[in-house]
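Reading through the structure tokens given below for one structure.
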Amino acid sequence: MPSASPRIWIIIPTYNERENVGPITDAVLASVPDAHILIVDDGSPDGTGELADEMARTNSAIAVLHRTAKQGLGRAYVAAFKDLLGLDADFIVQMDADFSHPVRFLPPLLKPLRTNQADLVLGSRYVKGGHIPRWNIFRRLVSRGGSIFAGVVLLMPYRDLTGGFKAWRAPVLREIDLDGLHAGGYAFQIETTFRARLAGARIREVPITFEERRAGTSKMSMNIFMEAFGLVLALRVKTLGHRRRRALRAGD
């Protein structure tokens, strides 16, 4: 008998995304008709959460998780991961609400999971076929430089470690101590991929095009870059400490 279809959940965090939340959910469900969507709203003052509730009342494929205040992208994803792991999700996708992650890349992002070729798939701007058509040189240098720095320090061979378009096999997330994650923003993406690698996950990159948001304003700031820099160094020091303790125990 054929196996049951996997339960696919796509997490879309929102904060003041009223203009985007309806169009992005429609586009996602058109691209992946067997998916469910979890909108995680951080108490948006523009009414995004209320609009999401209206959408969920008329479409059983949409659910909403409300948080009382803006606590950062990483905390939103952790809350969503915990919620979906309790619902026996099979595949869990992270993506932005602002169309910077084009929905046409959802099927190729999910394909390595569907075919059991990967446990974590990274939507990559920096592998062959990936593009960022509208970024200036400064944004390119910061983003690419951050990925190179994290890869060198943490010994990870992946070309795009700061991207937020990712697809997970649920058992890998269960291997990660979600309560022990420290970071938000770029740093959260680096940390989760690093911890998945430590857990033995099969990780692949697929090319994507990163677009500019269609509406609203960017949440990016220099503090997010600085957090990522500090976290990478802290993870490296912590990993070396663990290895040293294991070596000492092995020598006893």
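The values are calculated or read from the model by the stated rules, or taken from the named source; none is laboratory data. Because the structure is predicted, anything quoted here is derived from the model rather than measured. Methodologically, a virtual Cβ is constructed for each residue, glycine included, from the backbone with ideal geometry; neighbour enumeration extends over all protein chains shown.
Does the stretch 124-137 include one or more residues that are over 30 Å from GLU19 (Cβ atoms) and within 16 Å of the chain's Cα centre (by Cα)?
no
Considering only residues that are touching a residue at least 40 places away in the same chain (Cβ under 8 Å) and surrounded by fewer than 20 Cβ atoms within 10 Å (Cβ to Cβ), look in the stretch 79-90 and name the one that is nearest to ASP53 (Cα to Cα).
Applying the filter and picking the extreme gives ASP83.
Looking only at the stretch 174-189, count how many residues are assigned to a helix (DSSP H, G or I), over 13 Å from the mean Cα position of the chain (by Cα) and hydrophobic (A, V, I, L, M, F, W, C).
Total satisfying the criteria: 1.
Those residues that are within 19 Å of ARG202 (Cα to Cα), in contact with an Asp or Glu (Cβ under 9 Å, 6 or more places away or on another chain) and surrounded by 24 or more Cβ atoms within 10 Å (Cβ to Cβ), I need them from the stretch 164-187; list them, please.
Correct list: PHE165, TRP168.
Hey, among the residues in the stretch 94-123 that are under 16 Å from THR192 (Cβ atoms) and of a type in the set (Asp, Glu), which one's farthest from the chain's Cα centre (by Cα)?
The selected residue is ASP119.
Taking only pairs six or more apart or across chains, which ones have beta-carbon atoms under 8 Å, a first residue in the stretch 173-196 that is at positive phi, and a second residue that is modelled with pLDDT under 95?
GLY185/GLY72; GLY185/LEU73; GLY185/GLY74; GLY185/MET220; GLY185/ILE224; GLY185/GLU227; GLY185/ALA228
Do we find a residue being among the aliphatic types (A, V, I, L, M) and out of contact with any helix residue (DSSP H, G or I) (no Cβ under 8 Å at 6 or more places or on another chain) anywhere in the stretch 150-162?
yes
Do we have any residue at all in the stretch 12-34 that's under 13 Å from MET95 (Cβ atoms), in contact (Cβ under 8 Å) with a residue 24 or more places away in the chain, aromatic (Phe, Trp, Tyr) and crowded, with 18+ Cβ neighbours inside 10 Å?
no
Assess whether ALA150 counts as being within 21 Å of LEU231 (Cβ to Cβ), out of contact with any Cys (no Cβ under 6 Å at 6 or more places or on another chain) and either acidic (Asp, Glu) or in contact (Cβ under 8 Å) with a residue 24 or more places away in the chain (or both).
When the stated conditions are applied, ALA150 passes them.
Which one is farthest from MET95 (Cα to Cα), of the residues in the stretch 35-60 that are charged (D, E, K, R) and in contact with a Ser or Thr (Cβ under 8 Å, 6 or more places away or on another chain)?
Top of the filtered list is ASP42.
Working only within the stretch 24-33, note down all residues that are in contact with a Pro (Cβ under 8 Å, 6 or more places away or on another chain) and in a loop (DSSP other than H, G, I, E, B).
If the condition is that a residue be in contact with a Pro (Cβ under 8 Å, 6 or more places away or on another chain) and in a loop (DSSP other than H, G, I, E, B), then VAL32 is the only one that fits.
If GLN94 meets every condition in (1) polar (S, T, N, Q); (2) surrounded by fewer than 19 Cβ atoms within 10 Å (Cβ to Cβ); (3) in contact with a helix residue (DSSP H, G or I) (Cβ under 9 Å, 6 or more places away or on another chain) apart from one, which number is that one?
(2)
Would you check which residues across the stretch 37-56 are closer than 22 Å to LEU85 by Cβ and either part of a loop (DSSP other than H, G, I, E, B) or at pLDDT below 95 (or both) and list them?
If the condition is that a residue be closer than 22 Å to LEU85 by Cβ and either part of a loop (DSSP other than H, G, I, E, B) or at pLDDT below 95 (or both), then ASP42 is the only one that fits.
Only residues in the stretch 99-117 that are on the phi < 0 side of the Ramachandran plot and among the β-branched types (Val, Ile, Thr) count as the first member; pair them with residues that are in a helix (DSSP H, G or I) and at pLDDT 95 or above, Cβ under 6 angstrom, at least 6 apart or cross-chain, and list the lot.
VAL103/ALA27; VAL103/VAL28; VAL103/SER31
Would you say ASP42 is surrounded by fewer than 19 Cβ atoms within 10 Å (Cβ to Cβ) and acidic (Asp, Glu)?
Judged against the criteria, ASP42 is not a match.
Which ones in the stretch 57-71 are small (Gly, Ala, Ser) and not in a loop (DSSP other than H, G, I, E, B)?
If the condition is that a residue be small (Gly, Ala, Ser) and not in a loop (DSSP other than H, G, I, E, B), then ALA63 is the only one that fits.
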